[in-house]
1. Just add up the charged neighbours of F426: K/R +1, D/E -1, any other residue whose Cβ is under 12 Å from the Cβ of F426.
2. So what is the 222 nm mean residue ellipticity for the chain from helices alone, if each DSSP H run of at least 4 adds -39500 (n - 2.57) and you divide by all residues, rounding to the nearest 500 deg cm²/dmol?
3. So with the 1.4 Å probe, I'd like the accessible area per residue for region 56-112, rounded to whole Å².
4. For region 364-505, give the magnitude of the charge dipole about the Cα centre (Cβ charges: +1 Lys/Arg, -1 Asp/Glu; no others), in debye to the nearest 20.
5. Quick one: which of 347-353, 98-104, 494-500, 182-188 comes out on top by average Cβ neighbours within 10 Å, and what's the full order, highest first?
6. Taking Rg and Dmax of the Cα atoms in Å straight from the coordinates, which label in [x] 24.0, 83; [y] 55.9, 208; [z] 22.8, 70 is the correct one?
7. Take S41, S253 and sort them by solvent-accessible surface of the protein heavy atoms, 1.4 Å probe, largest at the top.
8. Compare the peptides 57-63, 398-404, 215-221, 387-393 by average per-residue count of other Cβ atoms within 10 angstrom and give them in order, highest first.
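The values are calculated or read from the model by the stated rules, or taken from the named source; none is laboratory data. What you see is a predicted model, and the numbers here were worked out from it, not measured in a lab. Here the Cβ is made from the backbone with ideal geometry for all residues, glycine too, and neighbour counts use every protein chain on show. Just the protein is used for accessible areas: all its heavy atoms, side chains included, with ligands, DNA and RNA removed. Shrake-Rupley method; radii C 1.70, N 1.55, O 1.52, S 1.80 Å.
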Amino acid sequence: MMRKILPLLLLAVCVTMQAERRPLSLTDSLHYKVEMQATLSSGDHTPLWLNANRYGLSSLEKTNGYLRAAVERPLSASDGQKWALGYGLDIAGAYHFTSKAIVQQAYVEGRWLKGVLTIGAKQQPMELKNQELSSGSQTLGINARPIPQVRVALADYWTIPYTHGWLSIKGHIAYGMQTDDRWQKDFTQQQSRYTEHSLYHSKAGYLKIGKEDGWYPVSLELGLEMACQFGGTTYAVGGTDSPQIVNDHSLKSFWHALIPLGTDTNDGIYTNAEGNHLGSWLMRLNFDFDRWYLGLYADHFFEDNSGMIHVSYAGYGEGDEWNVKKNKRYFVHSFKDWLLGVDLKLKQATWLNNLVAEFMYTKYQGGPLYHDKTPYNNEHICGRDNFYNHHLFTGWQHWGQVMGNPLYRSPLYNEDGTICVLNNRFVVWHLGLAGNPFTRLHYRFLATWQRSFGTYNDLFRDPQETVSVMGEASYQFAKGWLVKGAVGFDTGKTYGNNFGCQLTVTKTGLLKLKRK
């Protein structure tokens, strides 16, 4: 697909730029980055915050590192023009990672007005959250490697006409394929469930209400993020004796990923939507004044329709009509599972200019009871949602790292070779601090307390309390040199007792290529 779309995209850009009589250069504003990182730890693993929320370019091994080189032409190089073309290549050679050679990013993208088409793997930021201090988004996070995809986006807010500037929208829709087939086979030794060629879909829409440049700079942002894993082939569903399951990957399956419909191959009489669907309702209230900014936000995660709308149909008949909808009867689920946060920026402060505090609760998951209707008992209660896990796919992960919030313990931590999230019911308090004590010096501090309960299917014998802390400082030298050092530790059973240090050296700049 990429080979067919890419030439058309380049041709369209060139023709349009020629029509506008503006020269198109693919080598101006070409940025480069060369980076080296080394991590040394004692204990069981690399500490959580030296590993998490780094787009998967990290490792749990106690000794690890990488050498990274990237070149990028951002779309911003053509700001002010209707059309823009950007691309990037970001590769790394790694030591004690899940692979030795990593293509972290490889993409080409084009923009027309505010619409952007991206083809390939690109690191996308979180929406409606602080990028360096938040614990992470629950659906579309920054914890795992980017998935190669075709993505169409309204990347920046576009003001809806005739609303006098009060309503703006943005969003995206994307289809792609996971690249961790080999890792899954190696990690499971083909003794537990793994997949090959799993397809990926994500979509999101955001609405902003308010005029931030008006007389009172307050705005409200509302969002819905949804994603799905579908297609591909699943192996060893119930163990090594189980046959493989070839999931539908026809055009109909792409439609069922967009609009949750259909059913999985092994659903039987209790049908669900085809694939592994999940998502989040998002909200952020912004107060943006001259001297300070305050953001209040919420992220409500869901794994199925009952979690999305908090209502399950329960009015089925009895006897021969046990699977027939007969009555107006519903089961209402509680609103308990949330990530709630506050983001405070002091615009004229130095030593401490950014503070984030978050509370996260995931214990409810639709309730502790799941009962499907039967000919003998027509009660229908949809609980035990088992966040980030799925009965057919290997759950919301890529290369062993969860694709959402890293406080759901990633499969990479599992010592039994199973690809699943073994801790998804927990309570968390999280704190992030940042500042710039001097012009070139920046720091951040993360501290997280987590009380974990395992999963509904496999409860911990006793709740596990864990504390994870990281302190990081970076200094920007002249000529694009940056040196960053960090120390971190974990205490408790969830991630182990770990202590580690990390050093990163980065050189950035502009490539000035001579024109003939």
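1. Summing Lys/Arg as +1 and Asp/Glu as -1 gives +2.
2. On the way: 4 runs with 39 residues, N = 516.
Result for the chain: -2000 deg cm²/dmol, rounded to the nearest 500.
3. Working: 2480 Å² over 57 residues.
Accessible surface, normalised per residue, equals 44 Å².
4. Details: 11 positive and 10 negative charges, 119 e Å.
Dipole magnitude for region 364-505 comes out near 580 debye.
5. Most protected by this proxy first, the peptides run 494-500, 182-188, 98-104, 347-353.
6. Here the calculated entry is [x].
7. S41, S253
8. Working: 57-63: 20.3, 398-404: 25.1, 215-221: 14.1, 387-393: 22.0.
Taking the mean over residues of other Cβ atoms within 10 Å, the ranking is 398-404, 387-393, 57-63, 215-221.
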